[in-house]
């Protein structure tokens with residue numbers, strides 16, 4: 001999934017930070033609030049739901065706009081994500097066009113217009 | 001006989017299947033005992049845990065155990081209300097499973113025993129019960145080190161990797177292998193040509209993650225619920241086709257695979273046919289992995 005985001009970022013002018021695990025992302029998220037957070041569900045060591053609950057307890061991320069992306073295209077996962085207040089639950093695979101649309105929809109600018 | 005072993009008490013998925021035609025494999029739902037000397041670890045509390053409880057009440061060597069739950073779907077917890085050691089003050093029992101806190105775990109296990117679903121609640125348990133607070137550094141029960149990891153099944157579901165008697169045993173009762181790959185196959189028309197390579201990388205990353213948890217383990221107990229025909233109808237139910245399971249285990253360099261979480265509609269002959277096909281796949285791939293049917297009552301020395 002990382003490669004899709006990196007290609008979209010390369011064709012656009014938004015700033016992308018990609019991390020391979022929840023713990024790795026804390027180097028950034030401890031001090032920064034992204035305009036949009038794309039969060040996987042199945043990650044090494046910690047699942048996306050647990051991680052988002054932890055983030056939500058921090059003032060900085062109490063309402064960070066979040067889109068969950070997962071191969072787990074199950075109704076129970078969609079409900080779990082919704083209960084955590086995510087903007088959308090998107091099932092993998094997701095195209096570059098769909099990524100651009102989500103950014104445009106929730107960040108408010110056309111990421112391909114550089 | 002070694003004092004370390006694995007024993008299957010329940011091997012069915014979804015619901016119990018106590019039919020005469022199924023009893024060679026067994027009709028009880030998920031429950032596996034891992035024993036290392038006097039230390040007893042139980043994976044899941046399906047109906048198989050009821051018989052385990054009866055056996056434990058008939059002995060006096062041990063009075064303490066830990067139960068780890070992969071998740072809280074009924075076939076994995078429905079034996080717990082009938083687990084006799086929980087009702088005995090002589091026993092100390094620890095419970096662990098998915099949840100943010102020990103209170104979460106307690107709630108998820110105890111809710112099934114509340115009215116109107118059950119006549120007595122967990123408050124009637126007289127054993128010394130402890131719900132284990134999730135910690136980042138993993139679990140242990142005596143000499144058994146336990147690590148949980150996320151698997152592909154609706155909601156948060158764990159697999160467990162356990163180091164026992166110098167061997168690594170991995171228990172993955174419910175896991176839909178290769179789900180992303182089949183999702184891509186179904187939706188490939190949505191992607192541009194230049195995205196196909198990216199999709200292949202995505203599948204490769206997912207495969208690496210699937211393999212990482214079971215790489216070179218000595219014993220793997222894994223979901224192999226469906227035939228290819230039935231999987232085509234039940235894709236998205238969170239379970240694997242046995243063909244995907246056996247290929248995953250071969251790719252991961254597993255020493256010995258136990259097919260598990262058998263579909264309750266399959267009789268002994270159908271499970272035997274699945275086993276034969278798995279052995280054929282292993283031969284065709286020139287692999288040297290052992291493969292057996294997880295069978296109720298089967299005891300595997302560690």
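Computed from the coordinates by the stated procedures, all read-outs in this text should not be read as laboratory data. Everything quoted here is computed from the prediction, not taken from an experiment. Methodologically, a virtual Cβ is constructed for each residue, glycine included, from the backbone with ideal geometry; neighbour enumeration extends over all protein chains shown.
General observations
- Cβ-Cβ distance of residue A:104 and residue B:284, R₀ of 45 Å, FRET efficiency by 1/(1 + (r/R0)^6): the value works out to about 0.35.
- Spin-label model, residue A:16 to residue B:59: label points 7 Å out along the Cα-to-beta-carbon direction sit 5.6 nm apart.
- Taking 0.36 nm per residue of sequence separation and removing the Cα-Cα distance, the residue B:3/residue B:117 pair yields an extension gain of 37.1 nm.
- Segment A:1-111: C-alpha gyration tensor shape, a/c 1.5 cut-off, then a/b vs b/c: rounded
- Just so you know, the averaged projected area of the alpha carbon convex hull for segment B:124-184 sits at 6.7 nm².
- For residue B:204 and residue A:32, the FRET efficiency from 1/(1 + (r/R0)^6), where r spans their Cβ atoms and R0 equals 30 Å, is about 0.50.
- Cα-based Kirkwood hydrodynamic radius, segment B:4-301, one decimal, Å: 19.7 Å
- Judged by the ratio a/c of the largest to the smallest principal axis of the C-alpha gyration tensor, segment B:19-121 counts as rounded, that ratio being less than 1.5.
- Residue exposure sequence - B:241, B:291, B:31 - by fewest surrounding Cβ within 10 Å: B:291, B:241, B:31
- Theoretical FRET efficiency, 1/(1+(r/R0)^6), r = Cβ-Cβ of residue A:59 and residue B:23, R0 41 Å, to 0.05: 0.10
- Peptide B:193-205 is shielded by partner chain Cβ atoms: per residue, an average of 3 of them sit within 10 Å of its Cβ.
- What separates the Cα centres of segment B:43-59 and segment B:164-213 is a distance of 35 Å.
- Counting only DSSP beta bridges whose two residues both lie in the protein assembly as shown, roughly 45 percent are antiparallel.
- The distance between label points at residue B:272 and residue B:185 comes to 3.0 nm (points 7 Å beyond Cα on the Cα→Cβ vector).
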